[in-house]
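Undergrad: Below is one structure. I have some questions about it.
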Amino acid sequence: MRTLGNLLWLIFSGIEMAIAYVVAGLLAFLLIVTIPFGAASFRLAGYTLWPFGRVIVRQPGAGTGSVVGNVLWFVIAGWWLAGLHLVFGLLLALTIIGLPFTVVHFKLAGLALRPFGKQVVEVGQAHHHEVVLAPPPALNPGPR
């Protein structure tokens, strides 16, 4: 079921959003100071490309640096990436098959605003962490 969800996600909006994150990452790499934002953007591009079967968890030990990074990220790229997630989510909400993906886009919009202090893990490893973001249960049945 996860593979089917990921393939449908790719067709409907996953590739477009992954490209948007890659563009944000490449722009961040243009300036040396914003390289950490580029790394975060590439990490999010991978998650956005294939989200089902993985979850976002809080990163242990993330502190003040994450807060400062999230504020700067919001100004540099977070607001427009979150806006793209909202637009895709609203467009997918117009179809019945797109409703689960709408939920994922709205959750990813929140992640796009505050990516620092979080990490991507496989569903099977999530029990070791506090889960922040997971795809809808119908498309994410857990480990097999």
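Undergrad: Quick one: would you say Ala82 is buried (at least 18 other Cβ atoms within 10 Å of the Cβ), touching a residue at least 12 places away in the same chain (Cβ under 8 Å) and under 11 Å from the mean Cα position of the chain (by Cα)?
TA: So Ala82 fits the description; yes.
Undergrad: Considering only helices (runs of 4 or more DSSP H) fully contained in the stretch 1-104, which possess at least 1 residues that are modelled with pLDDT of 90 or more and touching a strand residue (DSSP E or B) at 6+ places or on another chain (Cβ under 9 Å)?
TA: 35-49
Undergrad: Kindly indicate whether Thr102 is closer than 22 Å to Trp9 by Cα, touching a helix residue (DSSP H, G or I) at 6+ places or on another chain (Cβ under 9 Å) and polar (S, T, N, Q).
TA: Taking the combined requirement at face value, the residue satisfies it.
Undergrad: Run down Arg2, Arg54, Arg43 and say which single residue is surrounded by fewer than 20 Cβ atoms within 10 Å (Cβ to Cβ), farther than 20 Å from Ile76 by Cβ and either of a type outside the set (S, T, N, Q) or free of Cβ contacts under 8 Å to residues at least 60 places away in the same chain (or both).
TA: Among Arg2, Arg54, Arg43, only Arg2 is surrounded by fewer than 20 Cβ atoms within 10 Å (Cβ to Cβ), farther than 20 Å from Ile76 by Cβ and either of a type outside the set (S, T, N, Q) or free of Cβ contacts under 8 Å to residues at least 60 places away in the same chain (or both).
The values are calculated or read from the model by the stated rules, or taken from the named source; none is laboratory data. Everything quoted here is computed from the prediction, not taken from an experiment. Using ideal geometry, Cβ is built from the backbone for each residue, glycine included, and neighbour counts are taken over all protein chains shown.
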